[in-house]
Amino acid sequence: MDAFLIRGPSPLNGSVRASGAKNAVLPALAAALLTSEPVTLENLPDVADVKTMGVLLSGMGVTLEPGGPGRLTLRAGTISSTEAPYDLVRTMRASILVLGPLLARFGEARVSLPGGCAIGVRPVDLHLSAMEAMGARIAVEKGYIHAHVSRISAAAGRLSGAEITFPQPTVTGTENVLFAAALARGRTVVRNAALEPEIVDVARLLAAMGARIEGAGTRTITVEGVERLGGTGARPHAVIPDRIETGTYLAAGAISGGDVNVTGARPGDLTAFLDALRRAGVDVAAGADTIRVRRAGPLRASDIKTAPHPGFPTDLQAQFLALMTQAEGTSRIVETIFENRFLHVGELVRLGADVKLDAHTAVVRGPVALEGAPVTASDLRASAALVLAGLAAKGETRVRRIYHLDRGYSRMDETLRRLGASIERIPG
Ligand code: EPU
């Protein structure tokens, strides 16, 4: 198991190019199951979750053909299995994204029920009830979701369009419904749909494959099912830049007191985060596809509350909390999406942070002089927060279990080294 050894403090300076968005690529890969024709994706990030999704799909009989850096062609002509096994699902919950495509095209799916994870219980009940509303029969047995298209409620083994109202927006739940609805008989209307940019990107891919989708990026999405979908043809689908990776490097620039420019980014996807940085006294300059941060003076305490898009993203909460340990005053960080997403707090306290937890609120007092220490990563974004704190801390910080980080960040150590950080990947 690798660790990062960081020697701080080191101000970061320079430019980073944003990678493709992990959370847009994962559903795009699953979408390849919807057609027998080739689907070519571009701008794929080199992260472990993308590899895991590749392993999952090839286990089902999908062929994956790399076509140079960041490019992959998938062919799901025939399928040998409609099962997502426990061993893969437990390492990546996003495996649930194969449920909608398998049901829609093959009329059946067997997906291991994702368990709880470091950030909370994370049920998939909303995915399942949406599939049931579209005519699927669902049973959960021995830890697996068994789903098949019910012949009684759905004609000829196809799912049927339905009116689905989510009690709360769900990102992968909305994506699963789009997949299922794309090949269903009739019209599906999704209300209270998630608005995340990744949803819009997946809808763009589905439209290129021949799906009839309106309203992606708004609360109500309408899908008219079609009988078959095609591939991407002569125009590969280039996935959008990763807003969370972008935000993480901006936070790294700000916490280290440096000057960092992220290129190939989409500032409009990060409005709530950039506003929070500005309120905290960070100088933020956003161009058409670049975002540059500089520390103009001392950081000021700033409150945030996570919310579904376009609110402050939960996937940047840990990184912002780390930044607030260096801000003058008391910041209140409220997490509303996941019940247990504060595992980074105990580790940040080991570095000297002054943070008190009160249910879903972390109260951060700053600025404190962080001091290097060994810490252990617990999930993807918590790991990023520990690396940021390590950049600001005096002395050596060893961040253990960075396999969490590698799930969603492409060679973060190399990127940070290019920006001037002293960071090494070491065994242990
Ligand atoms: N929820 C339910 N039942 C469901 C589905 C969701 O109660 O059936 C609850 C969740 O427990 C949570 C809330 O609804 O409290 C929202 O969860 P959502 O379904 O939107 O999350 P997700 O689709 O499982 C995606 C990202 C996460 C990101 C969240 C929130 C992917 C592959 N994952 O997860 O990304 O935190 O949306 O924006 O898109 C990450 O990249 O580090 C990550 C965790």
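Quick notes
- Elements of the type helices (runs of 4 or more DSSP H) sitting completely within the range 23-132 and holding at least 1 residues that are in contact with a Lys or Arg (Cβ under 6 Å, 6 or more places away or on another chain), over 20 Å from ALA207 (Cα atoms) and more than 10 Å from the ligand (Cβ to nearest atom): these cover 48-59.
- The set of residues from the range 360-407 being assigned to a loop (DSSP other than H, G, I, E, B), within 20 Å of GLY428 (Cα to Cα) and either more than 16 Å from the ligand (Cβ to nearest atom) or small (Gly, Ala, Ser) (or both) comprises GLY372, ALA373, ALA377, SER378.
- Of all residues in the range 408-418 being away from the ligand (no atom under 16 Å from the Cβ) and surrounded by fewer than 24 Cβ atoms within 10 Å (Cβ to Cβ), the one that is nearest to PRO9 (Cα to Cα): ARG417
- Within the range 180-190, the only residue that satisfies the criterion of being within 16 Å of the ligand (Cβ to nearest atom) and either β-branched (Val, Ile, Thr) or within 18 Å of the chain's Cα centre (by Cα) (or both) is VAL190.
- Residue-level check: of (1) small (Gly, Ala, Ser); (2) in contact with an Asp or Glu (Cβ under 8 Å, 6 or more places away or on another chain); (3) within 21 Å of GLY366 (Cα to Cα), ALA265 misses just (3).
- Matching option when the condition is at positive phi, touching a Leu at 6+ places or on another chain (Cβ under 9 Å) and in contact (Cβ under 8 Å) with a residue 40 or more places away in the chain, among GLY20, GLY14, GLY8: GLY14
- For the range 298-335, taking the residues that are in a loop (DSSP other than H, G, I, E, B) and farther than 24 Å from ASN23 by Cα, the one that is farthest from the chain's Cα centre (by Cα) is identified as PRO298.
- Odd one out for VAL345, checked against (1) in a helix (DSSP H, G or I); (2) closer than 22 Å to PRO11 by Cα: (2)
- Qualifying residue in the range 288-296 (condition: modelled with pLDDT under 95, surrounded by fewer than 24 Cβ atoms within 10 Å (Cβ to Cβ) and over 24 Å from LEU44 (Cβ atoms)): yes
- Residue match in the range 56-63 (condition: crowded, with 20+ Cβ neighbours inside 10 Å, over 16 Å from the mean Cα position of the chain (by Cα) and β-branched (Val, Ile, Thr)): yes
- Annotation: LEU299 fulfils all but one of (1) closer than 25 Å to PRO169 by Cα; (2) buried (at least 17 other Cβ atoms within 10 Å of the Cβ); the unmet one is (1).
- Any hit, the range 316-332, residues being within 16 Å of the ligand (Cβ to nearest atom), free of Cβ contacts under 8 Å to residues at least 60 places away in the same chain and surrounded by 17 or more Cβ atoms within 10 Å (Cβ to Cβ): no
The values are calculated or read from the model by the stated rules, or taken from the named source; none is laboratory data. For clarity, every value in this text was computed on a predicted model and none was experimentally measured. Virtual Cβ from ideal backbone geometry, glycine too; neighbours counted across all protein chains shown.
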